[in-house]
Every structure is written in C-alpha cells, then in structure tokens.
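Structure first, then comments.
The values are calculated or read from the model by the stated rules, or taken from the named source; none is laboratory data. All figures in this text were calculated on a predicted structure; none of them were measured in a lab. Here Cβ is always computed from backbone atoms with ideal geometry, including for glycine, and neighbour counts include all displayed protein chains. The area values use the complete protein model at the heavy-atom level, side chains included, leaving out ligands, DNA and RNA. Shrake-Rupley method; radii C 1.70, N 1.55, O 1.52, S 1.80 Å.
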Amino acid sequence: MPQTEAFRSRFGPLQHECSLTFDGSAYDLVTSTTALRLIARSHRNIVGTKHGVAFRRALAAGWPMTAAPLKLDILAPLSGVLIPLESVPDQAFAQKLVGDGVSLDPTSAELLAPVEGIVTQLHSAHHALTITTGGGIEVLIHIGIDTVLLKGEGFKPLVTRGEYVQAGQALIAFDADLVAGKARSLLTQVLIQDAEKLARLTSRSGLVKAGRDVILSLEMHASAAVGANLAAVGAAPVYSAPVQLPNPGGLHARPAAVLAAAAKKFKSDIRLVRGSDEANAKSLVAIMVLSTQQHDTLRIRAAGPDAEVAAAALARLLGEGCGEAEPPGTAPLPPRAMSTQSAESAASAATDSGDGKELAGISASPGLAVGRIFQLRQEAIEVVEVGAGAQHERARLDAALHEARQQIEALKANLDDPAKALILDAHQELLEDPDLIDLAVATLGSNKSAAFAWRAAYNSYSSRLAQLDNPLLRERANDIRDVGRRVLAILAGIKQARIVVPEGTILIAEELTPSDTATLDRSRVLGFCTTTGGATSHVAILARSLGIPAICGIAEAALALENGTLVVLDGGKGRLRRDPSAAELSQAHQRMARQAERREQEKAAAGAPAITTDGQRIEVAANVRNADETREAVAMGGEGVGLLRSEFLFSDRDTAPSEKEQAGAYQAVAEALGRQRPLVIRTLDVGGDKPLAYLPLGAEDNPFLGLRGIRVSLDRPELFRTQLRAILRAVPFGNLHIMFPMIATLDELRAAKRILAEEQQATGLSAKVGVMIEVPSAAVMADLLAPEVDFFSIGTNDLTQYTLAMDRGHPKLAAQADGLHPAVLKLIAMTVAGAHRHGKWVGVCGGIAGDAMAIPVLIGLGVDELSVAVPAIPAVKALVNRLSSVDCRALADEVLQMATATEVRERLAAFAE
Ligand code: PEP
Ligand code: MG
C-alpha cells in the first residue's frame, strides 16, 4: 500500500495496526483520526472538514474494517490510585460481570476521555458513559458505586451522546465531596465491555495522572468480531417515530415478552430507546430493567438489513400496547406474587424466648405444627471457574439451556394449575433471552466455564431487577434466579428431581421459588419457615392458601437447624421452637389435639345460628375470595359472605377482568350462597400494599395515604363502572350488597353512589349499599354517613393502622398495632352508635372479628355481624353461643375506660377464664 509510508511520515508512528477498506482500496489506519483525515481529503463530498464528523460518517457508512491484531492503550480518565477490579466492593464489578478492566480511586474530579471515539452511551444519571472506538471497542467508565441512585446530583456532563471525543477531552465534571458523601464509594471503573474480543488485557497499578498515563493495554483478536461490532455501531441506524407508551404498567413481563419476541424476528440490531437510556429490544430482561412507565416516549432504533421494516413494525406494536390493548380478560398472563395481606394473617412480631431455643419471625399463616426440620436450602452448586475453551463451554451452555427448556415442558405437562403453568412459560422465555445469554457468552471469552459464566449472568440480572422501584418487576428477580439455578444444576450434573420431603416436615427455606411450589409434596409439609419475605411474599400467600402454619422473615439461625431437628411451629405467633422438652412437646400435642377435637365438635354444631345465652343473634359470615371458598364457608356454617375481596379477581394477571368475566365470578359466588344469605361484594380495594400490574398509580411517598380503595375507583371511573355493572348483573342470583372500601369522607361516598345510581338506572338492577369503616374520619362521622347507606362493615385492620399511625405490615410495630387498643375500640363504639341511631346494621370484617379475645367486646359494643376467615366460622359461632350479651356490654363499658391495649388484653384474658 503506497500511501502507508506517506501517512506514517506525515502523521507519526503507527499506534493501531488496522486497515480500512474503502472504494476497493485498503488503507492502513495510523490512528483512526489520521486515517479519516485521509478520507476527508480524498472524499470531500462525503466527509466534512471536522474529524469528528468524518469519523461518525465513516462509521455510519458502515465501512468494513479488516483488523490485524489491534492494540489499544487506555489512558487514565482521572488522577488517582489504580485498584484491581477484584477489590471493588461491588459484586457486579468485582466479578467482572460488567466488563474487564481496572478501578481507580480518584484524586481529580473531571473525567477525561481515556480513548478517542464516539460517546455511544451517556447514562441519564450522568455517572457513567461508554465510548466506542474506531475499532469497535466499547469502553465504559463508571464513576463511583451506586452513584446511579444520586440521579445526576453532583454530576455535570460536558459531552452529549453521539459526540466524537478525543482522548483526554473532558467528559463529566463531578463534585467529589458531594458524591463521596452520598454514594457508597468514589471508586471509578474503566471497563472493556467486549471481553470476547480481547486477546490480552494488561492493567497497570499505582498512582496515575489523568489523560497522561496508560492504565490498560488491550490486544484484540484478529477476528471478524471487530467488523461486526463496527457494523452494529456504525451501520446507519434507523429510528422510528416517537411512540407514547400506552401500557398502564409500562413494559412489564408480558408486553416486554411480546416486544422481545417480535424483535427477535428481525436480523437487525434493535434497541428500545428512551431518552439517553436504551435496551436490547430482543431481550425480555433488558426491556424490564429499562423500567418503562405509561406515557414514556420511546423509539425503536434498528441497524441492519431489515432496519426500516423492523423499526416501523416494532414502533407500531409499541403504540398498540404490545398485546395489552386486547379486550380485558382475553390474555391470561404469568401470575405475579399477590400483594394482599389477608386480614386473618396480619403480621405479628415475636421476640426470642431468651433460652436461645426459639426463633422469631413474622406470622404468615396461623396454626400449630410439630414436625421435623427439612432444609430446602438451595445447596450452593459447586462451580468450576476455569473453562475448557470458549467453543466447548458455549456448546455446553447451549445444551443445558435446551435441557432446561425440556424439563420445564415436562413440568408443565404434569401441572393441573394453569396459573403455575404460566409462571413456567415465563421461565421458558427467560431461557431464550439474548441479553442474558450474551452476558454469559461474553464471560466465556475470559476462559470461564459455562456454569461460572451463566451463574454470573443470571445473578447480575436478578440483582438488577431486585433493585427496581416497581414491585412487579422486582418479583421477577426470583424467577430469574429460579430458572438460572435450573440451568446451573444441569451444567453441574445435579438432577433437579421433584423435591422429596419426609413425612411430617417443617420446611425451612431462604425463599421458595415458583418451581419449588409447583413441585412440593404438600401432603408431607406441615409448615413453612422462610428467612426472607413478609406477609405479602409468595410463601406467605402459598401457606395461607394451603391453610398450613407458616412464618416469614424468620431469624437466619433457622437455616442452621439440622435436618430432622424436632420443632414446634406456632404460625400465629410467628415462633419456631427447636428441641422442645418432653413437657413442651406434650403440651403442644395436647393443644393440637384439643384444637382438633374442639374443631370437630364446633364444626358439627356450626349449622345452627349463633345466639348468645340471653338470646342476642349474631350473624357469623365469611371473608372469601371466590366461589370455592364460599361453598366451603357454607359447609362450615357461614351465614353469608360479609366480605368478598373482589381484588383477588383483579390480581395475578396483567389486564383487568372484563365485565362478563366479573359478572360470572360474582354470580358463581351468589349461587354458592343461595338467594337468602347476604353477599357483600367489596368493590376493588387496591393501592397501598396491593399494586396491580395494569393499574399503575404513580410513585407515592405514602401509598397508604394516597390512591387506595375507593379513591382508585373514583380516579378510574371506567374500571369502577365496569365492576358495578358486573356486580349488578349478579343481582338476580343472590342477596347482593355493594360495599365501598376506605371511605374517608361523605364526598367520596356521594361520588361513588352517584356513579352507582347511574349504573343502576342503566341496568335496571339495584343492590344494598354499605361502606367499610376503616379510616378514623369515617368512624367519627358515622352518624352522618349512616343515613346514606344500608350498612357498615368495620375493617379493623386498616382502622387500627390509621388510628395508631402504624403500618399494618411493619414487623417491628406489629405487636403495638393492636386492634384492641382503647382508641380503636372507641371508634368502633362510635360507629355502632352512629349506625344504630339510623337503624343500620354494623359488621366487623377485620382480623379481630375472628379473635376469641376480642369477640366478647365486639358483641358488647353492639356489633351485629362478624365476618371471619372460613376455617374460623365454627369456633366463632361456638364462642358466641357461650356468651351473655349483658356480660359483654358490661365488659365493653369497662374496657372503653382503659388507657392501654395491655390493660384491655389483661381484662379480656381474665374474662375468658
Ligand atoms: C380491614 O382493613 O380490616 C379489611 C377487612 O380490609 P383489608 O384487610 O382487605 O384491607
Ligand atoms: Mg382494609
């Protein structure tokens, strides 16, 4: 090449041995800039006079590059001391999950470009950027650790995305004191993101000066990868028109999966772009991590042979909601963890017994069980770090992914629960996620084993998801770990058979995965304990639905209990007692036997009404979620449904149920009850601790004080009207009552009633109307609310929370957030007085309605109905039958004068004896 010598003499010695072919001629690159000077001179019509522009256009034109072994020196972007990546106190960096390179403890505060190239990424929090060099090498510089949380505070970008920068050019200025004070660390990472391209990476150590000293020296493989990457960076990208995201829940699992599946059909490199953030549109995980929200402005950027078609088609799909625009109820989706805390299982903190034998946690599901420990601890799978060559390890990984897909297919075939099958569908999608697989494959290039690379990849993604604000996306972290372990087990040659537990097991786990729950032999598991999770976790919900005792958030020491250790699990108190003495054991057995015997007797008598010894009738109804529970309630002696938590029909899915589906469900409950027994359907009670995927309510500082209960319905009148029409359609089949949750003001009640009146008029059907009294203002105003309704039902779970200003799910406050506090009792008294003055009945459907200690007081306060969990019905009826209403009234008068919940409880304990 005759020009080469000329360039060398003119522009200095070769730094990069790399040739650029253009118009059939090959040019040596002296540096990318100098080569582009050549191009600028010889092709003025294409290239502008500024080198940056030339470089960009050259990239954009997609000129092919043939690369001889390429060397690249990376300069210090900051002055300071170099630290090996392994010493960085952050797993993702230390394990080189983000890339290989070096860390720097800075003494300067202006980040300089360590190489020349284009700023291809500038994080919206301005703490990190990527420069892509002319050779297609991506250099990520990440200032500090956890600095993303500063959301840009203390950082001032001096360049923009897409800008061409020279080595040594200032990129970001930052306030080192502020950042050091607020972030975990100022350690700044310089990372090469394409590990598979590197033949060698040498990092320096010691003190370095910004813009002057070399900190990393790279040698790249002479492979097509460079050209391919250049094409991806440089091939003229096509942008779609901006699209406003219509999906109420953003691109969460389902729509993200639809988009990723559609993107995979195209050959081009496709990105979902939001401002300066972007995600690989073919990756379900990457789309979820982007954490989009409704009304975000998004664009598709595509580069490749079918870029135009892809950008247009995917933008259209985005605009249509990625499948979520289907009529409600037509698209069943992978279920999510339910987030509703049932009244009957309100969390209660427990303290250690003091003898070291008792472990405390949060009550997830009440009940007593004696059994032997079985640790479902996910044994750490031994992973060899060094691989047998990238190609060999890649083949192993592919085979493991294939086998995992087959395993899941087989699991699905044996499931009778379609909801769980949908969870497993989502797992199969994750097994095909290109970003997840790419991340693993990139690590294989550093001579790592398939297992090591895969584990690093899925751990990285699960922890990124676990950190997101959106609880629905956070829950996906568990799914990624679950599916990740499955593949890891295959790679390690461990058979993941159905978990076989001995009979009489008390299961201990850090957390239970969906796969675990799908494969567990429930006939042998007497109780659960998990170290993670609270009352809203998967395991708590599972335990409650199975009706077996369970504790969440138990002390970690539970994990150290030997398999086979004898324990007594008290789900109601949230305590696990190990190695009980003979006396304790016999006491527990006696209690269980007594409980069982009494349950049998009470059940046998439960068909009769509950009447006090002096003739006062108390209606005992059930809190239910669906028709099945309603049938059970009737069999247990339930005299009606005092609370149908309709939100259960709305949760575990990605679209709201249609009017038809809801009407069917309400009709089924009504039919299960019969025409006489009252059915109280509570309208949608979400918000606060009960999020819905498709109903984002926006971030709120205090969700319990924000859009919750009736406020959500008034905010989304269409959703509300649909539900009201559906309830009214069930009117011909039962004794229907409509109840509004969380009414705080008369205005809210009137607004809700206005909408109901319109729907009643439209349908020609009507039902009785009531409100839940669960906010102190409603109790205080009961006298004024009563004339406008047919009944009240007191939600003591929330009434306690709002009266005492104590979060009902807070483990540390659980013991104090007592529904028997005199302040709560006084509000109950006011509510009853207000209702009775106007001839309206009052029920209690909060947790204390089923509490034996509270029932005498509630009766004494004049409550007409107790609505309780189905299994509690026979016991509540039996207790009512033993009480005298006169005694109860005297008791109530007495405790209303007391100052503390402790005094009340002491008095009630004495009364019960
Ligand atoms: C209550 O608050 O007491 C109640 C019954 O409603 P939920 O527990 O469903 O919020
Ligand atoms: Mg409530």
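On the basis of being hydrophobic (A, V, I, L, M, F, W, C) and surrounded by fewer than 23 Cβ atoms within 10 Å (Cβ to Cβ), does Ala457 make the cut? Criteria not met by Ala457. Which number in (1) surrounded by fewer than 19 Cβ atoms within 10 Å (Cβ to Cβ); (2) touching a Ser or Thr at 6+ places or on another chain (Cβ under 9 Å) marks the one condition that Arg476 misses? Evaluating Arg476 over (1) surrounded by fewer than 19 Cβ atoms within 10 Å (Cβ to Cβ); (2) touching a Ser or Thr at 6+ places or on another chain (Cβ under 9 Å) leaves (1) as the failure.
Every residue, every condition in (1) farther than 25 Å from Met220 by Cβ; (2) of a type outside the set (Lys, Arg), yes or no:
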position	(1), (2)
Val139	no, yes
Gly152	yes, yes
Phe155	yes, yes
Gly162	no, yes
Leu171	no, yes
Lys182	yes, no
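Please determine whether any residue of region 197-220 is more than 17 Å from Leu72 (Cβ to Cβ), part of a helix (DSSP H, G or I) and at pLDDT 85 or above. No: region 197-220 contains no residue that is more than 17 Å from Leu72 (Cβ to Cβ), part of a helix (DSSP H, G or I) and at pLDDT 85 or above. Is it true that Ala113 is within 25 Å of Asn459 (Cα to Cα) and open to solvent by less than 20 Å² (accessible area, probe 1.4 Å)? Taking the combined requirement at face value, the residue does not satisfy it.
If you go through region 137-162 and keep only what is assigned to a strand (DSSP E or B) and not basic (Lys, Arg), you end up with Glu138, Val139, Leu140, Ile141, His142, Ile145, Phe155, Pro157. Quick one: count up the residues across region 827-850 that are open to solvent by 10 Å² or more (accessible area, probe 1.4 Å), more than 37 Å from the chain's Cα centre (by Cα) and either at pLDDT below 95 or hydroxyl-bearing (Ser, Thr, Tyr) (or both). The qualifying residues number 0. Applying the set (1) under 18 Å from Met742 (Cα atoms); (2) of a type outside the set (Phe, Trp, Tyr); (3) open to solvent by 10 Å² or more (accessible area, probe 1.4 Å); (4) touching a Gly at 6+ places or on another chain (Cβ under 9 Å) to Val789 leaves exactly one unmet item: (3). Assessment of region 740-752 against the conditions (in contact with a strand residue (DSSP E or B) (Cβ under 7 Å, 6 or more places away or on another chain) and away from ligand 1 (no atom under 13 Å from the Cβ)) yields at least one matching residue. Among the residues making up region 846-884, those that are within 16 Å of ligand 2 (Cβ to nearest atom) and part of a helix (DSSP H, G or I) are Gly847, Ile848, Ala849, Gly850. Taking the criterion of being free of Cβ contacts under 8 Å to residues at least 40 places away in the same chain and surrounded by fewer than 16 Cβ atoms within 10 Å (Cβ to Cβ), the residues of region 869-893 that qualify are Ala890, Asp893. State whether one or more residues within region 730-739 are more than 16 Å from ligand 2 (Cβ to nearest atom) and among the polar types (S, T, N, Q). Yes, that holds for at least one residue. The residue of region 252-267 that is farthest from Leu314 (Cα to Cα), among those that are at pLDDT 85 or above and open to solvent by less than 10 Å² (accessible area, probe 1.4 Å), is Ala260.
Restricting attention to region 432-454, the residues that are surrounded by fewer than 21 Cβ atoms within 10 Å (Cβ to Cβ), within 27 Å of the chain's Cα centre (by Cα) and in a loop (DSSP other than H, G, I, E, B) total 1.
The set of residues in region 851-868 being open to solvent by less than 40 Å² (accessible area, probe 1.4 Å), touching a residue at least 40 places away in the same chain (Cβ under 8 Å) and in contact with a strand residue (DSSP E or B) (Cβ under 7 Å, 6 or more places away or on another chain) consists of Ile859, Val863, Glu865, Leu866, Ser867, Val868.
Taking region 765-801, which residues are in contact with a Leu (Cβ under 8 Å, 6 or more places away or on another chain) and either more than 13 Å from ligand 1 (Cβ to nearest atom) or polar (S, T, N, Q) (or both)? Break it down stepwise before answering.
Residues of region 765-801 in contact with a Leu (Cβ under 8 Å, 6 or more places away or on another chain): 765-769, 771, 773-776, 778-781, 784-785, 788-789, 792-793, 799.
Leu765, Ser766, Ala767, Lys768, Val769, Val780, Met781, Leu784, Leu785, Glu788, Val789, Ser793, listed by residue number.
Of all the criteria given as (1) at pLDDT below 95; (2) touching a strand residue (DSSP E or B) at 6+ places or on another chain (Cβ under 9 Å); (3) among the polar types (S, T, N, Q), the one not satisfied by Asn702 is (2). Regarding region 700-707, can at least one residue be identified that is touching a residue at least 24 places away in the same chain (Cβ under 8 Å) and farther than 30 Å from Asn247 by Cβ? Looking through region 700-707, none of the residues is touching a residue at least 24 places away in the same chain (Cβ under 8 Å) and farther than 30 Å from Asn247 by Cβ.
Table: residues versus (1) under 22 Å from Gly687 (Cα atoms); (2) more than 13 Å from ligand 2 (Cβ to nearest atom); (3) open to solvent by 40 Å² or more (accessible area, probe 1.4 Å).
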position	(1), (2), (3)
Leu756	yes, yes, no
Glu759	no, yes, no
Ala762	no, yes, yes
Leu765	no, yes, yes
Ile773	yes, no, no
Leu784	no, yes, yes
Gln816	no, yes, yes
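Taken over region 712-735, the criterion of being in contact with a Ser or Thr (Cβ under 9 Å, 6 or more places away or on another chain), away from ligand 1 (no atom under 15 Å from the Cβ) and open to solvent by less than 20 Å² (accessible area, probe 1.4 Å) is satisfied by Phe720, Gln723, Leu724, Ala726, Ile727, Leu728. Within region 782-807, residues that are assigned to a helix (DSSP H, G or I) have Cβ atoms under 6 Å from residues that are among the acidic types (Asp, Glu) in these pairs: Asp798/Glu774; Leu799/Glu774, counting only partners at least 6 apart in sequence or on another chain.
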